[in-house]
Each structure stands twice: as structure tokens, then as C-alpha cells.
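Input: a single structure, listed below in C-alpha cells.
The values are calculated or read from the model by the stated rules, or taken from the named source; none is laboratory data. Note that the structure is a prediction, hence the values are computed from the model and not measured. Here the Cβ positions follow ideal geometry from the backbone for every residue, glycine too, while neighbour counts run over all protein chains shown. The protein model used for the area step is the full one, side chains on, heavy atoms only, and it has no ligands, DNA or RNA in it. Shrake-Rupley method; radii C 1.70, N 1.55, O 1.52, S 1.80 Å.
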Amino acid sequence: VKEEGKNNFKIYNGMLNKFTGHQLTFENELRHALKRKEFSLVYQPQWSIKTKQLIGIEALIRWNHPHLGLISPSDFIPLAEKLGIIFSVGEWVLEEACKQNKLWQDAGFPPLRCSVNISIAQLLHSDFPKIVSNILKRTQLNPKFLELEITESIAIVKEGYILKVLNRFKEMGISIALDDFGTGYSSLKYLSQFPIKRLKIDQTFLHEKSIINESIIRAIITMGHSMNLSVLAEGVENKEQLGFLESEGCDEIQGYYFSKPLPPKEVETLIRYYSPL
Ligand code: C2E
Ligand code: CA
Ligand code: CA
Ligand code: CA
């Protein structure tokens with residue numbers, strides 16, 4: 001929380017320099033960003049380690065402010081959550097991602113799974129399942145191509161309600177991935193109860209190379225497989241990391257070594273060359 005505060009302060013200061021004499025604040029800019037159409041989505045490809053094929057994409061939000069430039073989601077998502085803006089922003093992300101994927105499918109591209117990051121506040125909101133089903137109805141995207149990425153920390157809040165909501169998504173045909181796995185507090189008990197399809201190993205285990213972190217990655221893969229979950233490693237940046245994950249039997253990978261998050265046009269070029277069909 002301290003860290004976030006620091007970041008916002010840094011940006012806020014930068015902003016004051018650019019808007020001297022104005023009463024604008026970072027918060028206010030964020031409040032207006034959606035209706036000013038300053039958000040966009042980029043998509044990062046996800047690959048099968050075994051077949052080396054493109055199997056999915058993760059939608060990641062970008063905020064392009066006319067004066068501040070490109071602002072990272074780590075710098076505004078926490079604030080959007082605090083201000084309650086995350087509900088409208090999150091709904092926009094979902095709709096945009098579903099719409100784009102339906103467009104690609106209609107254009108004849110082989111269908112890909114599309115993952116969307118969901119904040120805990122969104123997941124806990126009683127309207128959320130309805131919002132998701134309405135978006136699927138509006139966009140006509142087949143739910144089996146939608147995956148919701150939720151962070152592991154959901155396991156410590158309102159487990160009963162979360163279990164109900166996740167089961168509802170499962171019934172709708174939507175899959176769930178547990179993001180940043182290994183950094184939160186989820187107990188093995190919840191892991192076995194929740195209808196989860198995929199574990200995404202937190203990238204810090206890969207980036208901070210050590211015997212311990214390698215053991216953790218190995219343990220997550222083994223545990224995931226024993227629970228019939230698919231395991232994805234994110235943040236793969238080099239050949240050595242790929243080799244390690246390959247030898248440990250990790251299922252899927254995502255990272256700069258293969259591709260950065262890309263704007264829709266560049267995704268199209270990529271799908272043409274790498275898709276499974
Ligand atoms: P995340 O969901 O864990 O996403 C992975 C982050 O790692 C992304 O950063 C991605 O660009 C970055 N990344 C991918 N490959 C590599 C790599 O090889 N090396 C390194 N160092 N980084 C890599 P990004 O796009 O800046 O997003 C940061 C976080 O912001 C996300 O972490 C997610 O928690 C949040 N976020 C992004 N988009 C959304 C959204 O639409 N809704 C919500 N609620 N959160 C979002
Ligand atoms: Ca994610
Ligand atoms: Ca992650
Ligand atoms: Ca994260």
C-alpha cells in the first residue's frame with residue numbers, strides 16, 4: 001500500500017509540473033479516462049510448451065493519457081479499486097476483450113482462449129455474474145473462450161460466496177485461472193474445492209533465480225498436475241527459463257521471450273502464423 005502511495009505521488013508530482021496552475025489531480029484524470037476513451041487493451045500471447053502453438057491471449061489494460069503518456073496498470077488499477085472506478089473500467093475491459101475476440105473469430109481466425117484480469121472487488125460485487133453473462137450475450141462470444149484471471153488472495157475472503165460465484169461461472173462454461181500463484185495465501189483445501197482450470201505461477205519465482213525458487217516452481221507444477229490443473233508460467237524472458245520449465249513439465253508459457261503484450265493489429269499477424277489450425 002505504501003508502495004502504491006509512493007507511485008501515485010510520483011505521478012501526481014509529475015502531473016503538477018505539467019499542469020501548473022490547474023486544479024487537476026491524478027484521481028480526476030482517472031475518473032474521466034473511461035468516457036474520454038483513453039483506455040485500450042493489449043494482448044499477450046500464451047503458448048503451449050509441448051506443441052509450441054499459440055493457445056490463448058491475456059488482455060492487459062493500458063491508459064494513454066494525452067499529456068502524461070502511457071500509464072502502467074500497476075500505477076492506476078489499485079487507485080481505480082480504491083475509488084470504486086474499477087467496476088466500470090473492469091466492465092469495459094471485459095466487453096472490449098470479448099468483442100475483439102468475437103471479431104477475430106468472425107473474421108475467420110482460429111479461436112483463442114481470451115483471459116481477462118478481474119479485481120477482487122469486481123468478483124465480490126453481487127451484480128458481477130449478471131454483468132458477465134450480459135456481456136457474453138451482447139458480444140455473442142462463446143463462453144468457452146473466456147477465462148477469468150483472479151488472484152490467489154480471493155481464497156482468504158468470503159470463501160463461501162467466492163465458491164458459489166466460481167461454480168456459477170463454471171456452469172456458464174467460463175474457465176478460471178489463479179493468477180500470481182505462490183505469493184498469496186490460498187490453502188490447499190480451497191484450491192481443491194474451487195473450480196479452477198489453471199494456475200499461473202507468479203513471475204517472481206522465475207525472475208529471482210535460486211534453488212528455493214526452482215523448488216517452488218517444481219512443487220507448484222507437481223501439485224497443479226495432481227489436482228488436474230493446467231500450469232502456466234508467466235514472465236518467461238529467456239531460453240534457460242524455457243528449458244527449465246520444459247524439463248519440469250510445465251504446460252503453458254507467457255513472456256517477453258516469445259512476445260510482449262501486443263495491440264490487436266499485431267495479434268492478428270501473429271495468429272496467422274502460429275495458431276493451431
Ligand atoms: P498480471 O496479471 O500478473 O500480468 C502480467 C504482467 O507482467 C503484465 O504487466 C505483463 O505485461 C508483464 N509481463 C509479461 N511478460 C513479461 C516478462 O517476460 N517479463 C516481465 N518482467 N514482465 C512481463 P502489465 O500489463 O503492466 O500489468 C500489470 C498488472 O496490472 C497485471 O499483472 C494485473 O494485475 C493488472 N492488470 C492489467 N490489466 C488489468 C485489467 O484489465 N484489470 C485488472 N483488474 N487488472 C489488470
Ligand atoms: Ca493476469
Ligand atoms: Ca500474474
Ligand atoms: Ca499481478
Item checked: For Leu199, distant residues with modelled amide H under 5 Å away -> Leu178, Ser230, Val231, Leu232
Check: From the backbone phi of region 160-166, what are the Karplus-calculated ³J(HN,Hα) couplings (6.51 cos²θ - 1.76 cosθ + 1.60, θ = phi - 60°) in whole Hz, Gly and Pro given as x?
Finding: x, 5, 4, 4, 5, 5, 5
Check: In the Gaussian network model of the chain, springs joining C-alpha atoms below 10 Å, which of Leu103, Leu178, Leu148 carries the largest mean-square fluctuation?
Finding: Leu103
Notebook entry, point to check: If you rank His207, His67 by how much accessible surface each has, with a 1.4 Å probe, what is the order from largest down?
Noted result: His67, His207
Check: Helix 2-18 versus the longest principal axis of the chain: what is the Cα-based angle in degrees, 0 to 90, to the nearest 10?
Finding: 40
Next item on the list: Please say if the chain is rounded, prolate or oblate, where rounded means a/c under 1.5 for a ≥ b ≥ c the square roots of the C-alpha gyration tensor eigenvalues, and otherwise the choice is prolate for a/b larger than b/c and oblate otherwise?
Entry: rounded
Checklist line | Computed helical MRE - 222 nm, the chain, DSSP H runs ≥ 4 contributing -39500 (n - 2.57), nearest 500 | finding: -14500 deg cm²/dmol
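For region 140-277, what does the alpha-carbon gyration tensor say about shape, rounded, prolate or oblate, given a ≥ b ≥ c as the root eigenvalues, a/c under 1.5 as rounded, and a/b over b/c as prolate? Don't skip to the end; give the middle numbers.
Values: a/c = 2.02, a/b = 1.11, b/c = 1.82.
Here region 140-277 falls in the oblate category.
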Check: Per the 1.4 Å probe, what fraction of the accessible area of region 50-93, in percent, lies on carbon and sulfur atoms?
Finding: 56
Next item on the list: Compute the acute angle (0 to 90°) between the alpha-carbon long axis of helix 264-274 and the principal axis of greatest extent of the alpha-carbon atoms of the chain; round to the nearest 10°.
Entry: 10
Check: Can you give the accessible area per residue of the chain, in Å², using a 1.4 Å probe?
Finding: 50
Check: Over region 102-159, what percent of the accessible surface lies on carbon and sulfur atoms, probe 1.4 Å?
Finding: 55
Checklist line | With at most 13 other Cβ atoms within 10 Å, longest stretch of the chain clear of loop chymotrypsin sites (Phe, Trp or Tyr not before Pro) (DSSP) | finding: 1-184
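Out of the DSSP beta bridges found with both residues in the chain, what percent are antiparallel (nearest 5)?
Numbers: 15 of 38 bridges.
Once the DSSP bridges in the chain are tallied, antiparallel ones form about 40 percent.
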